[in-house]
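Engineer: Provided herewith is a single structure, encoded as structure tokens, for subsequent inquiry.
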Amino acid sequence: MRKKHLKNWMFFLRRTSSGQGLTEYGSVLAFIAIIIAFTLHFAPGRLGPAVSGAFSAVTSQITHLTNSAQGSSS
């Protein structure tokens, strides 16, 4: 009797874990959304310039590397 109960339990666990991946992705997405909401709430005036500065720095570095690569290949 105990073996049958264990087999039924294992079958139940296997059957219910099919949506586990989707649930985990949803949980991670919800967590990231909450973090973004808190960040936007507590740093409203500082976040925009920080992100803009970061993108500007990356853009200038890529431009510099591209110009250096083009200059060395000529």
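Engineer: Which pairs have Cβ atoms under 7 Å, sit 6 or more apart or on different chains, and link a residue in the stretch 47-72 that is at pLDDT below 95 to one that is of a type outside the set (S, T, N, Q)?
Structural biologist: L47/L40
Engineer: Sticking with this structure for a sec: Can you pull out every residue in the stretch 36-48 that is surrounded by fewer than 10 Cβ atoms within 10 Å (Cβ to Cβ) and in a helix (DSSP H, G or I)?
Structural biologist: Once the filter is applied, which keeps residues that are surrounded by fewer than 10 Cβ atoms within 10 Å (Cβ to Cβ) and in a helix (DSSP H, G or I), the stretch 36-48 yields H41, F42.
The values are calculated or read from the model by the stated rules, or taken from the named source; none is laboratory data. Please read these numbers as outputs of a predicted model, since none were measured by experiment. Please note: Cβ atoms are built from the backbone with ideal geometry, for glycine as well, and neighbour counts cover all protein chains shown.
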